[in-house]
1. Give me a count of the residues in segment 440-476 that are surrounded by 15 or more Cβ atoms within 10 Å (Cβ to Cβ) and either at pLDDT below 85 or at positive phi (or both).
2. Taking the stated definitions as given, is S190 in a loop (DSSP other than H, G, I, E, B), over 19 Å from F455 (Cα atoms) and modelled with pLDDT of 90 or more?
3. Go through P169, P217 for me and flag whichever is out of contact with any strand residue (DSSP E or B) (no Cβ under 6 Å at 6 or more places or on another chain), of a type outside the set (D, E) and either closer than 30 Å to S306 by Cβ or not assigned by TED's automatic domain parsing to the domain that holds G61 (or both).
4. Tell me, yes or no, whether segment 385-404 has at least one residue that is buried (at least 17 other Cβ atoms within 10 Å of the Cβ) and not charged (D, E, K, R).
5. Could you say which residue among E192, E206 is over 27 Å from V55 (Cβ atoms), assigned by TED's automatic domain parsing to the domain that holds R454 and of a type in the set (D, E, K, R)?
6. From the residues in segment 439-475 that are acidic (D, E) and assigned to a helix (DSSP H, G or I), which one is farthest from K205 (Cα to Cα)?
7. Given the conditions (1) surrounded by 14 or more Cβ atoms within 10 Å (Cβ to Cβ); (2) closer than 20 Å to L353 by Cα, report the number of the one that L75 does not fulfil.
8. In segment 413-438, what count of residues is obtained for those that are acidic (D, E) and either in contact with a Cys (Cβ under 8 Å, 6 or more places away or on another chain) or not in a helix (DSSP H, G or I) (or both)?
Amino acid sequence: MGQGRAHATGGKRAEPRGGRMTRRQVPALPRYRNDAVTRRLCAAAHLDERFARQVGEELSGDRMTAIGLPLGVNLVALVRHARMGARRMEARDRRLGWLFVGLWAAVVVALYGSVDGSSVAAVAGGGAALVVIAAAWWLVYAAESQARSAAQEVFRAGGKAEDLAPPAPPEAEARLLEMKKTNVVPYTASAERTNPFVGSGDKIKEVVWQPIDVSRPAEAPGGGKLAIKPFDAVDLHTYVAKEMANIAGLEGLRARNRLYVMGNHVQHLGPDLLPDPLGRPRVQIPKQLVRAGLLNPGAGMRTYLSLERVGDGGRVIVSMHLRARLQSPSLSWEVAAYGIPPVSAVYSVVDRLPIDGLERWWSLLRFATGQVWPALRGALGRNHRRGAARNRRARELEKWRREITKRHAIHDYGAVDSVRERVASWNQLGHSDRMDSQDFLHRLQQGVLIATERFLKDHNVDTSSFDQAQQVINTQTYNFSGDVTGPSNFGNNGQIAASYGQGQPSGAPGGAAGHVGGGP
């Protein structure tokens, strides 16, 4: 079903009755697996060596930059399968490299025997060459068979995806597990001009909502005015984070306050964020720093409440980043909506692989026969390029670490993107995905407004100004098709969805997370 194998689950239908929602028993329909995207990417790591090496180096290799958010992807499972896939291909190419050397030796012996008139040497050399080619064919066949089996197992089997591959280094896995509750996101300095919410996908809308007057007390029931209960932006963020899931009616909504820090300002936060200037920044920092980024933002450091919703099977991800601007006598919300579309069709190879029987054997036979000579001929070159790439990365890291140590250079520790963002493609966005995502965004917007109104009433604030602002805010629309500055957002015969009210658009595998965070 597109993103992964479907399975049947029990279903119930809500029916209104007397103003309440009741549950009606209905037949179960097949549904996307919660970890469909994770399994698809794990399968791709077995079938695409370049993807496997890229993911393995990013998630478990030596580096100094932050990793993008794990939105809808089990990074531990992905890094395990990526390392397994990359090691399989490296082992194959090492053996093919030796066989290629042996093939040249056999050819030399055969040529020598032909020139010298020694039939024994010619026959021996020719026979050895055939043996080498046969061995190479078997290596290609066996490696591809193992890769396909591993890909199909993780894509179709039950159980946990991470249990189907050997563990990665403990320190790498511990760090990836910590990222599930990350509260700080260093982003590359270059993203400040376009998209500081790195890894969240493409921009759908950026706007600052109309200010609300929060300085007037509400009317008391018996006449007069109520005393306004003191509050700050932290109190408002905490309230919205706790109440949004129920208010918006979005099961699996994740709400968390995060400090977004420009990558070249990371070192200014000291050991709390960067314990080792020659290593990676932390993924969790003290809550007081997160609160400080909301009340007293620093240079390139601001705290946002990130509301994230992963769609069915992880196909699409919608996120809304909010920041309360509370400066007496008014309150306004800074709102940035982003989206990540389904996984690109490039990662759908596993869908088309024969599963078993004669068809699978014939497919492997054709693959090995067609690839044996390119694989054998290019083995030494691939081995050399892998080693050269590792050495180049090591030299670059060493250079930067030397610059930091000796010259106190300022390094950009910020993340550039995320794995989930890179593998997405707007071309895979279907009608259901688009409608669901627009519904998510509207529910999030309405939920923020309702939560804000309730919070103000709880603090005895007159909400007449809020009512006026809400009428303007509610006219805003969301076109879930990517950034309007790019071609992906052109649809409906070349028209761009209009946006009304204040502010125009300034402009894309795992299951839905069920965590609703508290305060910062």
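1. Summing the residues that are surrounded by 15 or more Cβ atoms within 10 Å (Cβ to Cβ) and either at pLDDT below 85 or at positive phi (or both) in segment 440-476 gives 7.
2. Working: in a loop (DSSP other than H, G, I, E, B): no; over 19 Å from F455 (Cα atoms): yes; modelled with pLDDT of 90 or more: yes.
For S190, the condition - in a loop (DSSP other than H, G, I, E, B), over 19 Å from F455 (Cα atoms) and modelled with pLDDT of 90 or more - is not met.
3. On the way: P217 fails: out of contact with any strand residue (DSSP E or B) (no Cβ under 6 Å at 6 or more places or on another chain).
Going through P169, P217 in turn, just one is out of contact with any strand residue (DSSP E or B) (no Cβ under 6 Å at 6 or more places or on another chain), of a type outside the set (D, E) and either closer than 30 Å to S306 by Cβ or not assigned by TED's automatic domain parsing to the domain that holds G61 (or both): P169.
4. The answer is no, given that none of the residues of segment 385-404 is buried (at least 17 other Cβ atoms within 10 Å of the Cβ) and not charged (D, E, K, R).
5. Working: E192 fails: over 27 Å from V55 (Cβ atoms).
The conditions single out E206.
6. Looking only at segment 439-475, we keep the residues that are acidic (D, E), and these are 439, 453, 458, 462, 467.
Those left that are additionally assigned to a helix (DSSP H, G or I): 439, 453, 458, 467.
On the way: D439: 15, E453: 23, D458: 30, D467: 22 Å.
The selected residue is D458.
7. Among (1) surrounded by 14 or more Cβ atoms within 10 Å (Cβ to Cβ); (2) closer than 20 Å to L353 by Cα, the lone unmet condition for L75 is (2).
8. 1
The values are calculated or read from the model by the stated rules, or taken from the named source; none is laboratory data. Keep in mind that this is a model prediction, so the values were computed, not measured. Cβ coordinates were reconstructed from backbone atoms using ideal geometry, including for glycine residues, and neighbour counts include every protein chain displayed.
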